[in-house]
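Taking it in order: structure first as structure tokens, then the write-up.
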Amino acid sequence: MKENQLPTCLIVDDNKVARLMLRQLLEKINTINIIGECEDAIAARKSLEDQEIDILFLDIEMPGMSGLELLKVLPNKPLTILTTAKQGYAVEAFEMNVVDYLVKPFAVSRLMLAVERAIELLKGKESQLEQVSPDNIFIKEGKIIRNLDLNEVLYMEAKGDYVRIHVPGKSYIIHSTLRLLEEKLPSGLFLRVHRSYIIALNKIDYIEDMVVNIHGMAIPVSDSYRDQLLKNLHLL
């Protein structure tokens, strides 16, 4: 989430009326950017694979796959606010670290509290990173604030609510997202090639069948990032 830019969200609910009501409430709050709606978890999973969002509004009981089942299979879960007509899933939901659990029907004031909580968590992730120069970035690793030389970075890998930054012989884990890292990194040196990977272009050993190899690690290139990668390679 860039400075002065609203956080993005996706609404997932099999009930068209429920989706419309939630959209109208969010538009009243006006602190969040709705980028889409899905009527089931299968469509939501595909949408989340194609784009990164900040906040997920997710119904639980849906045909085919429930909202909780979706959360279990997502490799990189957005901040999630569950919306449901039943209270019985609350314990399981909070064990999955959801931001909030809203029981329908809910008032705009209750929704506002959930959104504010999610935005504060997003700001907390942003505070884990601080750009200091084109070649360095401060990262917060547990209780340690480390000055990281970007010239050493091989690639970055999303791990749920965390990012693992790989350098030769070691890695650092920070509480952040690839999107936030992408916004802090100098352009031209790093490139997003997959929903779960950012690579250092000058650390590429070779590319075969749209799989990037860096220091023995095979990193897949998604179709949506393929053209951008080829453009940045400046092939002869």
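Throughout, read-outs are computed from the coordinates displayed, never taken from laboratory work. Every value quoted in this text rests on a predicted model; they were computed, and no experiment measured them. Cβ atoms come from the backbone with ideal geometry, glycine included; neighbour counts cover every protein chain shown.
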(Q) I'd like the GluC sites (Glu not before Pro) in region 1-71 restricted to DSSP loop residues with at most 10 other Cβ atoms within 10 Å, sorted by number. (A) GLU3
Q | Sequence-separation-based contact order of region 130-233, relative, with Cα cut under 8 Å and 6+ spacing, percent | A | 18
Q) Once a ≥ b ≥ c are taken as the square roots of the eigenvalues of the Cα gyration tensor of the chain, is the result rounded (a/c under 1.5), prolate (a/b larger than b/c) or oblate (a/b not larger than b/c)? A) prolate
Q) Where Lys and Arg each count +1 and Asp and Glu each count -1, what net charge lies around ASN213 among other residues with Cβ under 15 Å from its Cβ? A) -3
Q: Provide the percentage of antiparallel DSSP beta bridges, counting only those with both residues in the chain; round to the nearest 5.
A: 65
**Q.** Reachable aspartates and glutamates, given that their alpha-carbon falls under 18 Å from the alpha-carbon of LYS184 and they are not under 8 places away in the same chain
**A.** GLU3, GLU52, ASP54, GLU126, GLU130, ASP135, GLU141, ASP149, GLU152, GLU157, ASP161
(Q) Suppose R0 equals 41 Å. What FRET efficiency, 1/(1 + (r/R0)^6) with r the Cβ-Cβ distance, do ALA107 and SER187 give to the nearest 0.05? (A) 0.40
Q. Quick one: helix 223-233 against the long Cα principal axis of the chain, what's the angle to the nearest 10°, folded into 0 to 90?
A. 30
Q: Show that you can apply the helix-only estimate: for the chain, add -39,500 (n - 2.57) for every DSSP H stretch of four or more residues, divide by all residues, and state [θ] at 222 nm to the nearest 500.
A: -9500 deg cm²/dmol
